[in-house]
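The values are calculated or read from the model by the stated rules, or taken from the named source; none is laboratory data. Because the structure is predicted, anything quoted here is derived from the model rather than measured. Ideal geometry is used to build each Cβ from the backbone, glycine not excepted, and the neighbour counts take in all protein chains shown.
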Amino acid sequence: MNSSVASLAQAAAPADGLLLEVRGVAKRFGVRDVLRDISLNIASGEFITLLGESGSGKTTLLRLVAGFEQPTAGEIWMGGERLDTLPPYKRRVNTVFQHYALFPHLSVRDNVAYGLRVKKTATSEIGSRVEEALRMVKMQEFAESRPSKLSGGQQQRVALARALVNRPLLLLLDEPLSALDANLRKQMQSELKALQRELGITFLFVTHDQEEAMALSDRIALLRNGALEQIASPREIYAHPATAYTAQFIGQTNLLRGEIRGGIANCGVLRWPLDVPDSLAIFSLRPEAIRLCDGGVRQNDEAKFRASIRQQLYGGASELLEVDCGAGQLLRVRISAREPLSGEHEFVFSIADAIRVQE
Amino acid sequence: MVLQMSSATSTRRAPLLTIYATLVFIFIYVPVVVLILYSFNRDGVGGFPPRHFTLDWYRQLFGDGPVWDALLNSLIVATGSVVLALILGLLAALALDRATFPGKALFRRLVLLPLILPGIITGLSLLMFAVLAGFQRSLILVFFGHATALISVATTELFAGLQKLDRSQEEASLDLGATPWQTFWRITLPNLKLSLIAAGLLIFTLSMDEIAVTFFLIGSENTLPQEIWSRLRQGITPEINAISTLIFAVSVVLIVIWYRVRTRGLGAEAQELLDRA
Amino acid sequence: MYSRAYKTLVSMPPLLWVGLFLLLPYALMFAHSFWTVQDGVVVHQWNLHNYAALLSKPVYLEVLLRTMRIAASVTICSLLLGYPLAYYLSFRAGARKELLYQLVIVPLWVSYLVRGYAWKTILGSEGVLNGFLQYLHITHKPVAFLLYSPFAVVLVLTHIYTPFVFLPIYAALEHIPRPLVEASEDLGASSVQTFLRVILPLSMPGLLAGATFAFVLSLGDFLAPLLVGGASGTMIANVVQSLFGAAYDWPLGAAISACILILIVSLLFLTERLEKRWSFK
């Protein structure tokens, strides 16, 4: 870990443990409840993402932590002290804005130095800290440029440096990559992840892109209509979605609706043994969990079915098949790339991969 | 789309600033309020507080012939100015928006000059020109003066409207077989409707109130401001308050209409942008 | 996309009109300043007598300086009133912003003459203000300096031009993206610091435009002095006006007008350069 990064990481949180506590926070705009009774804890040093569609409340929650809105109910605590009663400029929290919000009348250097100047930091110290922040985002040679002369990606880096130079306890990122094109986005994602690892600063990241969330986060908090749907690590949330919504929002899935009767799960054409009490049920079955097994033998912990191929979408490394099980039941199957298929085939999946989810 | 929700900054208490802003508001409105109040005061203008409500001054006003003649003159000049200024202003705006020619920069500045120059300079220049050309001071001369000075208002407003115009609409029209002339009447002009109305209202009001340029070009027939002015030279009478109150009332109505027209235009455009997004 | 014919058709009429009725008259005024008047008739003989007279007789310079002082006072006062008002509306008024904006521009459209007259009735010895003060027993005699003084001229002109100064400042403030203000606070700046470091610099073009407008128009104003200025409140435009009236000397009047025109155009040129430097996209 080089020295510039080390000194930035220095001012990090109280040693391991809880950094931010959101306790029963709610926010109402007019007659709309944008956030309802949200409680979550953020550990220091973690990269946590607020994921959701527009209107899910994720940006509002971020703004509450930043201090641009006040909660209608509930409290926010940071490092053992009350946070939501403080104005933004007194919080040890900094934000990277969606459209960067760089000051057009200041150079890159002056933009980055802004937070330090405003808190009357010693001039000698400002110089060195700004230098190291610019080096960290690789923008040293643009120090004297005006923001209007920079590309989107470059502006984004400056916004990052401007926030981090202040050594915040928590960094908020409001969909910072959404304005970038696909390739640049991927590149910035990996740079951001690496940066967070090195600095050890807690990142609270907001996005609507579930792939991005999965790639970057230690934990994902999925928001839906102002409430927390599920909060877990990416692997956990992918493999064990709690609800149908989560299963569909994160990655792709087949939602199988049916019932359990007499120890058998019945979902359309599919059936498999399941030793639980009778009830209606929904299962999530990921496309990649289903395999082709023409002529193969079914194991005890597997379920088999026949279906005819309706569509085959080639994707380079894999194929996505749309198959008809009969009686209008369509499923998606993902298999490794091969030559075009057609007609009826046999498919198999492990019973354990049919995850039961709530509505 | 996420609304630009009111941030904490915009609603945080700022008591001193609020008081100061209120005082400025009061300062702006005090003369108008006093004017209106005292137009109903029997004991005339001055003294405090006003007692004895009366409508006498309004009655006197309605029987005052010269005032109504002056009003008629003003209306004629104003209407004429609107027509002429809009036509020339539209052409100027189109020229600035679409054509390049030598001296264009000079032309642009020249057109906008009467807006920023004190009226006395424009008025005197026109007077000297008139004398040299052998014209008498008269209402017609006043009309020319107003129209010329107010082209700048029309140009500014219409130029802004042209900038907002989606060029691809005109291209689509030509693509579908319409001639430039047809395109102008069927596409360009309707899109400028709101700018034309806003500019027209503004020019009308400015012409009705114009005094600086008028001062030097007027002949024997008075416009309304001229009439008020010559009365003022003779002394203060509450009848002037009455005229002023009426002028104020009409101005308020016009400006509310102007504002509605302008912002409705903006609303419609914003809606279009949203639909397209 | 536009044919030659179209462009010519569109530019010719306004060009001709403006050339004939604006360029020519202004040029004529300049020409007049180099002529003289003899026995009540203008003599078209080129000379510099008028300009020499302006430079040699101190009275003209005096009036010009007084006029500039008044114009400067008006500009400063209008800014002091107009800027905070614009700031309040743009940043603190919330939902009432639209309504308040309309309320501010309404008086703008009320006739200049009417507003000047209103102040005349307020400030006079028999006026409303004096009556008010005496009613409350704050004074027992009319206060004299209120009317027919430079003070009155500054007061009236400030009243006229505050809304004019307000408009471009408000437009400039509205143009400032709110995320910039939030970013400033996020980085630790208080409201005052945010104002001085972010809002004020970015509103400079609007401020400059408004101030120029107020200064230039006050400089050439002749109505307010006639209404409320009295002898001590005469401004340079009044001198010009009388030279075109009773004190018949058009060439001299033209010379003074030419000087005013040059002064104004230089000022406009200067502020335009400044505005370009201070506008940030």
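Just to be sure, is residue A:162 assigned to a helix (DSSP H, G or I), among the basic types (Lys, Arg) and under 26 Å from residue C:278 (Cα atoms)? Outline the logic, then answer.
On the way: assigned to a helix (DSSP H, G or I): yes; among the basic types (Lys, Arg): yes; under 26 Å from residue C:278 (Cα atoms): yes.
When the stated conditions are applied, residue A:162 passes them.
Let's see how each residue does on (1) closer than 22 Å to residue A:200 by Cα; (2) assigned by TED's automatic domain parsing to the domain that holds residue A:112; (3) out of contact with any Ser or Thr (no Cβ under 9 Å at 6 or more places or on another chain); (4) not aliphatic (A, V, I, L, M):
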site	(1), (2), (3), (4)
A:24	no, yes, no, yes
A:29	no, yes, no, yes
A:35	no, yes, no, no
A:73	no, yes, yes, no
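For segment B:195-230, how many residues are part of a helix (DSSP H, G or I), touching a Pro at 6+ places or on another chain (Cβ under 7 Å) and β-branched (Val, Ile, Thr)?
1
Just for segment B:92-133: of the residues that are surrounded by 16 or more Cβ atoms within 10 Å (Cβ to Cβ) and not in a helix (DSSP H, G or I), which one is farthest from the other protein chains (Cβ to nearest Cβ)?
So the residue we want is B:117.
Consider only pairs whose beta carbons are under 8 Å apart and that are at least six residues apart or on different chains; among these, list those whose first residue lies in segment B:13-26 and is at the interface with chain C (Cβ under 9 Å from one of its Cβ atoms) and over 14 Å from residue C:103 (Cα atoms) and whose second residue is among the polar types (S, T, N, Q) and part of a helix (DSSP H, G or I).
B:14/C:191
Does any residue of segment B:38-49 turn out to be basic (Lys, Arg), within 10 Å of chain C (Cβ to nearest Cβ) and more than 26 Å from residue C:104 (Cα to Cα)?
No, because not a single residue in segment B:38-49 is basic (Lys, Arg), within 10 Å of chain C (Cβ to nearest Cβ) and more than 26 Å from residue C:104 (Cα to Cα).
In this structure, does residue A:120 turn out to be without any contact (Cβ under 8 Å) to a residue 24 or more places away in the chain, within 29 Å of residue A:90 (Cβ to Cβ) and not in a helix (DSSP H, G or I)?
For residue A:120, the condition - without any contact (Cβ under 8 Å) to a residue 24 or more places away in the chain, within 29 Å of residue A:90 (Cβ to Cβ) and not in a helix (DSSP H, G or I) - is met.
Before we move on, is residue A:228 crowded, with 19+ Cβ neighbours inside 10 Å and not assigned by TED's automatic domain parsing to the domain that holds residue A:60?
no
If residue C:182 meets every condition in (1) assigned to a helix (DSSP H, G or I); (2) on the phi > 0 side of the Ramachandran plot apart from one, which number is that one?
It fails just one condition, (2).
Where in segment C:64-142 are there helices (runs of 4 or more DSSP H), lying wholly inside it, with at least 2 residues that are touching a Cys at 6+ places or on another chain (Cβ under 9 Å) and facing chain B (nearest Cβ under 9 Å)?
Those helices (runs of 4 or more DSSP H) do not exist here; none qualify.
Considering only residues that are of a type in the set (S, T, N, Q) and touching a helix residue (DSSP H, G or I) at 6+ places or on another chain (Cβ under 9 Å), look in segment B:227-243 and name the one that is modelled with the lowest pLDDT.
Here the residue is B:237.
Could you please find all residues in segment A:51-75 being touching a Lys or Arg at 6+ places or on another chain (Cβ under 7 Å) and under 24 Å from residue C:181 (Cα atoms)?
A:60, A:64, A:67, A:69, A:71, A:72
Going by what's in this entry, would residue A:103 be described as touching a residue at least 40 places away in the same chain (Cβ under 8 Å) and either more than 8 Å from every other protein chain (Cβ to nearest Cβ) or over 23 Å from the mean Cα position of the chain (by Cα) (or both)?
In short, yes.
Based on this model, can you work out whether residue B:35 counts as surrounded by 18 or more Cβ atoms within 10 Å (Cβ to Cβ), hydrophobic (A, V, I, L, M, F, W, C) and either at pLDDT below 90 or outside any helix (DSSP H, G or I) (or both)?
Details: surrounded by 18 or more Cβ atoms within 10 Å (Cβ to Cβ): yes; hydrophobic (A, V, I, L, M, F, W, C): yes; either at pLDDT below 90 or outside any helix (DSSP H, G or I) (or both): yes.
Here the answer is yes, as residue B:35 does meet what is asked.
For segment C:166-193, what are the residues that are surrounded by 22 or more Cβ atoms within 10 Å (Cβ to Cβ), within 11 Å of another protein chain (Cβ to nearest Cβ) and in contact (Cβ under 8 Å) with a residue 24 or more places away in the chain?
C:166, C:181
Restricting to segment A:187-221, and then to whatever is hydroxyl-bearing (Ser, Thr, Tyr) and outside any helix (DSSP H, G or I), can you tell me which residue is farthest from residue A:19 (Cα to Cα)?
Checking each candidate, the answer is A:207.
Report every pair of residues separated by at least 6 positions or lying on different chains whose Cβ atoms are under 8 Å apart, first residue within segment B:249-262 and more than 10 Å from chain C (Cβ to nearest Cβ), second assigned to a helix (DSSP H, G or I) and not hydrophobic (A, V, I, L, M, F, W, C).
Between residues of segment B:249-262 that are more than 10 Å from chain C (Cβ to nearest Cβ) and residues that are assigned to a helix (DSSP H, G or I) and not hydrophobic (A, V, I, L, M, F, W, C), there is no close pair.
Against the condition closer than 30 Å to residue B:214 by Cβ, at the interface with another protein chain (Cβ under 7 Å from one of its Cβ atoms) and assigned to a helix (DSSP H, G or I), how does residue C:202 come out, does it pass?
no
Looking at segment C:224-243, can you tell me whether even one residue there is out of contact with any helix residue (DSSP H, G or I) (no Cβ under 9 Å at 6 or more places or on another chain), part of a helix (DSSP H, G or I), within 10 Å of chain B (Cβ to nearest Cβ) and surrounded by 18 or more Cβ atoms within 10 Å (Cβ to Cβ)?
There is no residue in segment C:224-243 that is out of contact with any helix residue (DSSP H, G or I) (no Cβ under 9 Å at 6 or more places or on another chain), part of a helix (DSSP H, G or I), within 10 Å of chain B (Cβ to nearest Cβ) and surrounded by 18 or more Cβ atoms within 10 Å (Cβ to Cβ).
Is it the case that some residue within segment A:161-168 is in contact (Cβ under 8 Å) with a residue 60 or more places away in the chain, within 14 Å of chain C (Cβ to nearest Cβ) and among the small types (Gly, Ala, Ser)?
yes
Return yes or no: is residue A:114 touching a residue at least 40 places away in the same chain (Cβ under 8 Å) and either closer than 19 Å to residue C:186 by Cα or outside any loop (DSSP other than H, G, I, E, B) (or both)?
Spelling it out, residue A:114 is indeed touching a residue at least 40 places away in the same chain (Cβ under 8 Å) and either closer than 19 Å to residue C:186 by Cα or outside any loop (DSSP other than H, G, I, E, B) (or both).
Can you name the condition, by its number, that residue C:48 falls short on among (1) within 14 Å of chain B (Cβ to nearest Cβ); (2) at pLDDT below 85?
(1)
Of the residues C:158, C:121, C:139, which is at pLDDT below 85, buried (at least 23 other Cβ atoms within 10 Å of the Cβ) and among the polar types (S, T, N, Q)?
Working: C:158 fails: at pLDDT below 85; C:139 fails: buried (at least 23 other Cβ atoms within 10 Å of the Cβ).
One residue alone meets the criteria, C:121.
Pick from C:23, C:16: which is modelled with pLDDT of 80 or more and at the interface with chain B (Cβ under 7 Å from one of its Cβ atoms)?
Only one candidate passes the filter, namely C:23.
Could you name every one of the strands (runs of 3 or more DSSP E) located completely within segment A:241-359 that has at least 1 residues being within 23 Å of residue A:229 (Cα to Cα) and in contact (Cβ under 8 Å) with a residue 40 or more places away in the chain?
By residue number, A:254-261, A:279-285, A:355-357.
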